[in-house]
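Nothing in this text is a laboratory measurement; each read-out follows from the coordinates by a stated rule. As the structure is a prediction and not an experimental result, all values here were calculated from the model. Cβ: placed from backbone, ideal geometry, glycine included. Neighbour counts: every protein chain shown.
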Amino acid sequence: MKSLICIWIALCFIGCGNSEKKEVLELVKEWNGKEILFPTESYTTVLGKDTFMMEENPEYKVVVYTDSVGCTSCKLQLHRWMELMHEVDSLAKGRVSFLFYFYSERKNELNDIFHRFNFVYPVYWDEKNEFYRLNRFPSDITFQTFLLDKSNKIIAIGNPVHNPRVKELYKSVISGDNANKIGKFRNTLIQLDESSVDLGDFDWEQEIQTEFV
């Protein structure tokens, strides 16, 4: 099943050029099934105020890592994240957590953005960038968002608010519909009427053909 999801993730980025397609496929293969390690020294805030996060281990986690590079309102797309969280909550209430990890020196700017969009969800400030050092995420921000299973292993990779096809992939996995979505990539089971045929004696230059049903 992992290989099938891996193929589907790669197809989500099919608009890339040939060289990019190959890089995407290799990246997806490398990260698919990896366990994400979480830092111990990050702290949580809601709209700039410290908060307490209870320990939980939901069935799925959507993890978003954002560093200080290009961390702006247009790239964060907070309104789309809120829409997605609402959709997922309706789809699988209580079974999915969204974890936003930020490594940025521009906390005030980010807090202003959170207030502007009334983003009342917890975010993690990773002051020492331990999250990145533990996992060494890809440099492309497109691949710094992950869907994890209960054991923190990557099921899917890609940003669902930037790519509608990745969004559908996330939702289908969470809803349990991924088997139907990727059924067309399943290996075909075949059965032969016989496993061997006696071709008799013939000259090495003579071409002999047979047929297996």
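May I ask you to compute the full-extension gain from HIS79 to SER175, defined as 0.36 nm times their residue separation minus their alpha-carbon distance, rounded to one decimal in nm? Display every interim value, and only then the final one.
On the way: separation 96, 0.36 × 96 = 34.56 nm, distance 2.25 nm.
The HIS79-SER175 span can extend by a further 32.3 nm.
VAL213: net charge of surrounding residues, Cβ under 11 Å, Lys/Arg +1, Asp/Glu -1, itself excluded? Before the final figure, lay out each step's value.
Details: positive: none; negative: ASP193, GLU194, GLU211.
Once all neighbours under 11 Å are counted, the net charge is -3.
Here are some pairs, LYS22/LYS128; LYS61/LYS93; LYS34/LYS75; LYS34/LYS150; LYS21/LYS150; which of them have Cα atoms lying more than 24 Å apart in this structure? Don't skip to the answer; put the middle values down first.
Values: LYS22/LYS128 33 Å; LYS61/LYS93 13 Å; LYS34/LYS75 26 Å; LYS34/LYS150 13 Å; LYS21/LYS150 29 Å.
Violating the 24 Å limit, Cα to Cα: LYS22/LYS128; LYS34/LYS75; LYS21/LYS150.
On a straight-distance basis, which aspartates and glutamates could pair with LYS153 in a cross-link, Cα separation under 13 angstrom, same-chain partners fewer than 8 positions away excluded?
Answer for LYS153, where 13 Å is the Cα cut-off: GLU30, GLU35, GLU59, listed by chain and number.
Say R0 is 25 Å: what FRET efficiency, to the nearest 0.05, do GLU23 and TYR121 get from their beta-carbon distance?
0.15
Run the quick spin-label model on ASN152 and LEU192: label points 7 Å from Cα toward the beta carbon, then report their separation in nm to one decimal.
4.8 nm
Between ASN111 and PHE212, with labels modelled 7 Å along Cα→Cβ, what's the label distance in nm to one decimal, could you check?
So the two model labels end up 6.9 nm from each other.
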